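Asks: Quick one: structure below, then a few questions.
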Amino acid sequence: MEEITDGVNKMNIAESQKKNRIQVSNTKKPLFFYVNLSKRYMQQHNEVELSALGMAISTVVSVAEILKNNGFAVEKKIMTSTVEIKDESRGRPIQKAKIEIVLGKTANFDELMAAAQEGGENGNGGLGLEGAVIYHLLLWMSL
(Lines give C-alpha, C1' and ligand atoms only; values in the text may rest on other atoms or scores of the structure.)
Protein backbone atom coordinates (compact mmCIF):
# COMPACT_ATOMS: atom_id res chain seq x y z
CA MET A 1 0.00 0.00 0.00
CA GLU A 2 3.01 2.33 0.40
CA GLU A 3 3.49 2.28 -3.38
CA ILE A 4 -0.12 3.43 -3.84
CA THR A 5 0.27 6.19 -1.26
CA ASP A 6 3.47 7.36 -2.96
CA GLY A 7 1.68 7.30 -6.31
CA VAL A 8 -1.16 9.39 -4.93
CA ASN A 9 1.26 11.92 -3.43
CA LYS A 10 3.36 12.23 -6.60
CA MET A 11 0.54 12.34 -9.18
CA ASN A 12 0.32 15.34 -11.45
CA ILE A 13 -3.14 16.87 -10.95
CA ALA A 14 -2.80 19.34 -13.81
CA GLU A 15 -5.94 18.67 -15.88
CA SER A 16 -8.83 20.64 -14.37
CA GLN A 17 -7.21 20.35 -10.93
CA LYS A 18 -9.43 17.34 -10.18
CA LYS A 19 -8.19 15.52 -7.13
CA ASN A 20 -10.07 12.33 -7.95
CA ARG A 21 -8.80 11.87 -11.53
CA ILE A 22 -6.36 9.15 -12.50
CA GLN A 23 -4.71 9.48 -15.88
CA VAL A 24 -3.92 5.93 -16.92
CA SER A 25 -0.98 4.86 -19.05
CA ASN A 26 -0.60 1.36 -20.42
CA THR A 27 3.19 1.46 -20.17
CA LYS A 28 4.08 3.08 -16.85
CA LYS A 29 2.35 1.03 -14.15
CA PRO A 30 0.83 -2.46 -13.88
CA LEU A 31 -2.93 -2.88 -14.12
CA PHE A 32 -3.49 -3.60 -10.42
CA PHE A 33 -1.62 -0.43 -9.46
CA TYR A 34 -4.53 1.45 -11.04
CA VAL A 35 -7.13 -0.87 -9.48
CA ASN A 36 -5.72 -0.28 -5.99
CA LEU A 37 -5.18 3.43 -6.59
CA SER A 38 -8.82 3.71 -7.71
CA LYS A 39 -9.96 2.05 -4.49
CA ARG A 40 -7.90 4.54 -2.49
CA TYR A 41 -9.37 7.48 -4.42
CA MET A 42 -12.90 6.17 -3.84
CA GLN A 43 -12.16 5.89 -0.11
CA GLN A 44 -11.06 9.54 -0.07
CA HIS A 45 -13.50 11.13 -2.55
CA ASN A 46 -16.40 8.62 -2.88
CA GLU A 47 -15.78 8.48 -6.63
CA VAL A 48 -12.90 8.29 -9.09
CA GLU A 49 -12.51 9.47 -12.67
CA LEU A 50 -10.35 7.25 -14.86
CA SER A 51 -9.00 8.90 -17.98
CA ALA A 52 -6.91 7.56 -20.88
CA LEU A 53 -5.83 8.27 -24.43
CA GLY A 54 -5.29 5.89 -27.34
CA MET A 55 -3.87 2.49 -26.50
CA ALA A 56 -4.35 3.04 -22.74
CA ILE A 57 -8.15 2.98 -23.17
CA SER A 58 -8.25 -0.80 -22.80
CA THR A 59 -6.41 -0.48 -19.47
CA VAL A 60 -9.03 1.98 -18.16
CA VAL A 61 -11.86 -0.31 -19.26
CA SER A 62 -10.16 -3.29 -17.57
CA VAL A 63 -9.68 -1.35 -14.32
CA ALA A 64 -13.33 -0.25 -14.33
CA GLU A 65 -14.59 -3.78 -15.06
CA ILE A 66 -12.46 -5.31 -12.30
CA LEU A 67 -13.80 -2.80 -9.77
CA LYS A 68 -17.40 -3.30 -10.92
CA ASN A 69 -17.24 -7.11 -11.11
CA ASN A 70 -15.73 -7.33 -7.62
CA GLY A 71 -18.49 -5.16 -6.15
CA PHE A 72 -16.35 -2.10 -5.35
CA ALA A 73 -17.74 0.37 -7.89
CA VAL A 74 -20.76 1.40 -9.89
CA GLU A 75 -20.52 3.15 -13.21
CA LYS A 76 -21.72 6.76 -13.06
CA LYS A 77 -20.65 8.20 -16.39
CA ILE A 78 -18.70 7.26 -19.53
CA MET A 79 -17.49 9.93 -21.94
CA THR A 80 -15.63 9.41 -25.20
CA SER A 81 -14.06 11.99 -27.45
CA THR A 82 -11.13 12.69 -29.71
CA VAL A 83 -8.39 15.12 -28.87
CA GLU A 84 -5.77 16.74 -31.04
CA ILE A 85 -2.19 16.19 -29.93
CA LYS A 86 0.92 17.51 -31.63
CA ASP A 87 3.09 14.70 -32.98
CA GLU A 88 6.64 15.76 -32.08
CA SER A 89 8.31 13.54 -34.70
CA ARG A 90 6.15 14.75 -37.61
CA GLY A 91 5.47 18.25 -36.35
CA ARG A 92 1.75 18.09 -37.08
CA PRO A 93 -1.34 17.42 -34.98
CA ILE A 94 -2.83 13.92 -34.75
CA GLN A 95 -6.21 12.76 -33.46
CA LYS A 96 -6.30 10.47 -30.41
CA ALA A 97 -9.28 8.70 -28.89
CA LYS A 98 -10.02 9.63 -25.27
CA ILE A 99 -12.19 7.95 -22.63
CA GLU A 100 -13.25 9.12 -19.19
CA ILE A 101 -15.07 6.77 -16.83
CA VAL A 102 -16.49 8.00 -13.53
CA LEU A 103 -16.99 5.30 -10.91
CA GLY A 104 -18.70 5.65 -7.55
CA LYS A 105 -18.54 3.54 -4.42
CA THR A 106 -21.05 0.74 -4.00
CA ALA A 107 -23.17 0.51 -0.85
CA ASN A 108 -20.93 -2.25 0.51
CA PHE A 109 -17.60 -0.71 -0.59
CA ASP A 110 -16.39 -0.07 2.97
CA GLU A 111 -17.22 -3.63 4.05
CA LEU A 112 -15.34 -5.08 1.07
CA MET A 113 -12.32 -2.89 1.80
CA ALA A 114 -12.33 -3.95 5.47
CA ALA A 115 -12.57 -7.62 4.47
CA ALA A 116 -9.71 -7.20 1.99
CA GLN A 117 -7.50 -5.63 4.65
CA GLU A 118 -8.32 -8.38 7.15
CA GLY A 119 -7.46 -10.97 4.53
CA GLY A 120 -4.08 -9.35 3.87
CA GLU A 121 -4.74 -8.15 0.35
CA ASN A 122 -1.66 -8.81 -1.75
CA GLY A 123 -1.78 -5.93 -4.24
CA ASN A 124 -3.49 -7.77 -7.08
CA GLY A 125 -7.09 -7.70 -6.01
CA GLY A 126 -6.80 -10.53 -3.49
CA LEU A 127 -6.57 -13.10 -6.29
CA GLY A 128 -2.99 -14.24 -5.81
CA LEU A 129 -0.55 -14.23 -8.73
CA GLU A 130 -2.00 -17.27 -10.50
CA GLY A 131 -5.56 -16.06 -10.04
CA ALA A 132 -4.64 -12.61 -11.36
CA VAL A 133 -3.00 -14.08 -14.46
CA ILE A 134 -6.00 -16.33 -15.15
CA TYR A 135 -8.41 -13.45 -14.53
CA HIS A 136 -6.55 -11.21 -16.98
CA LEU A 137 -6.46 -13.90 -19.63
CA LEU A 138 -10.19 -14.49 -19.30
CA LEU A 139 -10.89 -10.77 -19.32
CA TRP A 140 -8.69 -10.28 -22.39
CA MET A 141 -10.37 -13.18 -24.24
CA SER A 142 -13.81 -11.72 -23.56
CA LEU A 143 -12.98 -8.33 -25.15
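The values are calculated or read from the model by the stated rules, or taken from the named source; none is laboratory data. A quick note: this is a predicted structure, and the numbers were derived from the prediction, not measured. No Cβ is skipped: glycine too gets one built from the backbone with ideal geometry, and neighbour counts run over all protein chains shown. The accessibility values were calculated without ligands, DNA or RNA, using every heavy atom of the protein model including side chains. Shrake-Rupley method; radii C 1.70, N 1.55, O 1.52, S 1.80 Å.
Asks: For region 95-143, how many residues are modelled with pLDDT under 60, acidic (Asp, Glu) and open to solvent by less than 90 Å² (accessible area, probe 1.4 Å)?
Replies: Residues meeting the conditions: 1.
Asks: Restricting to region 30-60, give me the number of residues that are open to solvent by less than 20 Å² (accessible area, probe 1.4 Å), within 24 Å of Ala114 (Cβ to Cβ) and not in a helix (DSSP H, G or I).
Replies: 2
Asks: Six or more apart or on different chains, Cβ under 6 Å: which pairs go from a residue in region 61-86 that's surrounded by fewer than 16 Cβ atoms within 10 Å (Cβ to Cβ) to one that's among the basic types (Lys, Arg) and in a strand (DSSP E or B)? Could you list them?
Replies: Ser81/Lys98; Val83/Lys96; Val83/Lys98; Ile85/Lys96
Asks: Here's something else I'd like to know. Counting just the residues of region 79-119 that are acidic (Asp, Glu) and not in a strand (DSSP E or B), which one comes out nearest to the chain's Cα centre (by Cα)?
Replies: First pass over region 79-119, keeping only residues acidic (Asp, Glu): 84, 87-88, 100, 110-111, 118.
From what's left, not in a strand (DSSP E or B): 88, 110-111, 118.
Numbers: Glu88: 27, Asp110: 18, Glu111: 20, Glu118: 23 Å.
Applying the filter and picking the extreme gives Asp110.
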